[in-house]
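Encoded as structure tokens, the structure appears first; notes follow it.
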RNA sequence: CCGGAGAUGGCGGAGUGGUCAAUCGCACCUGACUGUAAAUCAGGCGCCCUUAGGGCUUCGGAGGUUCAAAUCCUUCUCUCCGGA
């Protein structure tokens, strides 16, 4: 469904895709580039900003919008993902999690940052982001049931403490929005428990803390990929219609289409930006190496969405003088050939990263527009 | 001309009797990437067989020693350094 999220820095038209500006920057492009690529809202990360810059410093500099030079909505992630990727997945490191919170050590500087549900909120308020996220505690499906249950319990406790702090600190004139993150890996019962406990707390947004639901490669098997989709459908049904649904880390264009089809509103992923740097370009389907297709089955019943992909560093583009996508009007497609961009990327030239990123973000924003228009058609 | 050093797979550069089709880096090829510790990572990279594995031809050229040579010997060619 087409909805709007009203923030201090403008309205977000959903379904919306927000690129990740993890360190306060969308890698290899400027915010002007992002805007010109159709981006209207972005995600940034609490832990990284706190660790590298310091939220109090950013507050002193006038807040994250002024600091970055971006006057549109900013969503801050809580640092919960780092709990998973930097602590759970790296056993034996000096990082740790307790009920109080979690500690991260910057491997490059040795600097320790402690994140609790409360100070994660404080940090995000210092940043002055528009949409905040409660500190969450993800868990992998390969852990024991006992551990998974404990993890969900802690996730709920943290969420409760986060929303309490949020309500204490937020002023009425400065409207802020808070999201709570549903965890539970690939287990429907645990997900349901997590969702119902969080629903009692009345967050503005409910987040799917999901991708990846599994450690290693296994989650990409057909069976688990199906489970991932089933889980998204399952959770979407549990979340009331007056709440926004944010599928964190999702994902591939076809998965975003699937999520939009099943009622999810917000998305973020590093795929378009990272893949751009690595030479994987998203294009309209006739221009790609193979057709990737999503056929609507929910709200978007009877609609078909297709696109393609180019491994631009491949030899096959060496002498290709066509633009990356002749149906695209971004700076990249208007000015350079595949062959030239391929060269820039192979040489790790920043100019190549920039053009490829601009292209992929333009693709993503067009994709979202396509999905939104399809929803509008259906709603008529 | 004399003395010294050296010639290794696209390049750089290990290896000085068997475990060497030959470490490693670069380049090259293919693939991955999902709330970014990612300009990253994985695999391939003499030829042939679809893989496990096997077969074949390689370490400047030619010849020799040895059960066995990129590795030892002889010789030729070339390169670099020093001295006339």
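The values are calculated or read from the model by the stated rules, or taken from the named source; none is laboratory data. It should be emphasised that the depicted structure is a prediction, and the values quoted were computed from it without experimental measurement. Every residue, glycine among them, receives a Cβ derived from its backbone with ideal geometry; neighbour counts consider all protein chains shown.
Kindly establish whether residue A:281 is within 26 Å of the chain's Cα centre (by Cα), modelled with pLDDT of 95 or more and assigned to a strand (DSSP E or B).
Numbers: within 26 Å of the chain's Cα centre (by Cα): yes; modelled with pLDDT of 95 or more: yes; assigned to a strand (DSSP E or B): yes.
Yes, satisfied.
Being part of a loop (DSSP other than H, G, I, E, B) and within 11 Å of RNA strand B (Cβ to nearest atom) is the filter; apply it to segment A:3-23 and report the residue that is farthest from residue A:300 (Cα to Cα).
Applying the first criterion (part of a loop (DSSP other than H, G, I, E, B)) to segment A:3-23 yields A:8-9, A:15, A:21-23.
Restricting the remaining residues to those that are within 11 Å of RNA strand B (Cβ to nearest atom) gives A:21-23.
On the way: A:21: 30, A:22: 32, A:23: 35 Å.
So, considering only residues that are part of a loop (DSSP other than H, G, I, E, B) and within 11 Å of RNA strand B (Cβ to nearest atom), the one farthest from residue A:300 (Cα to Cα) is A:23.
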Qualifying positions in segment A:220-251 - in contact (Cβ under 8 Å) with a residue 24 or more places away in the chain, within 19 Å of the chain's Cα centre (by Cα) and farther than 17 Å from residue A:298 by Cα: A:243, A:244, A:246, A:248, A:249, A:250, A:251
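Please go through segment A:72-94 and pick out each residue that is part of a loop (DSSP other than H, G, I, E, B) and modelled with pLDDT under 85.
Our first condition is that a residue be part of a loop (DSSP other than H, G, I, E, B); within segment A:72-94, this holds for A:72-73, A:78-79, A:89-94.
Scanning segment A:72-94 gives A:89, A:90, A:91, A:92, A:93, A:94.
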Residue count for segment A:123-151, restricted to those that are buried (at least 20 other Cβ atoms within 10 Å of the Cβ) and over 25 Å from residue A:20 (Cβ atoms): 1
Top-ranked residue of segment A:241-263 - restricted to ones that are crowded, with 21+ Cβ neighbours inside 10 Å and assigned to a helix (DSSP H, G or I), ranked as nearest to RNA strand B (Cβ to nearest atom): A:255
Subset of segment A:109-122 that is away from RNA strand B (no atom under 14 Å from the Cβ), part of a helix (DSSP H, G or I) and in contact (Cβ under 8 Å) with a residue 40 or more places away in the chain - its residue that is surrounded by the fewest Cβ atoms within 10 Å (Cβ to Cβ): A:122
Test: residue in segment A:41-53 that is without any contact (Cβ under 8 Å) to a residue 60 or more places away in the chain, farther than 30 Å from residue A:152 by Cβ and surrounded by 19 or more Cβ atoms within 10 Å (Cβ to Cβ): no
Those residues of segment A:40-71 which are at pLDDT 95 or above, touching a helix residue (DSSP H, G or I) at 6+ places or on another chain (Cβ under 9 Å), within 16 Å of RNA strand B (Cβ to nearest atom) and part of a loop (DSSP other than H, G, I, E, B), in sequence order: A:70
Pick from segment A:296-310, criterion out of contact with any helix residue (DSSP H, G or I) (no Cβ under 8 Å at 6 or more places or on another chain) and modelled with pLDDT of 95 or more, ranking: surrounded by the most Cβ atoms within 10 Å (Cβ to Cβ): A:309
Test: residue in segment A:264-278 that is more than 6 Å from RNA strand B (Cβ to nearest atom), surrounded by fewer than 24 Cβ atoms within 10 Å (Cβ to Cβ) and part of a helix (DSSP H, G or I): no
Unmet criterion (only one of (1) modelled with pLDDT under 95; (2) within 19 Å of residue A:262 (Cα to Cα)) for residue A:244: (1)
Test for residue A:143: is it part of a helix (DSSP H, G or I) and away from RNA strand B (no atom under 12 Å from the Cβ): no
Residue list for segment A:130-150, filter: touching a strand residue (DSSP E or B) at 6+ places or on another chain (Cβ under 9 Å) and within 13 Å of residue A:97 (Cβ to Cβ): A:135, A:136, A:137, A:138
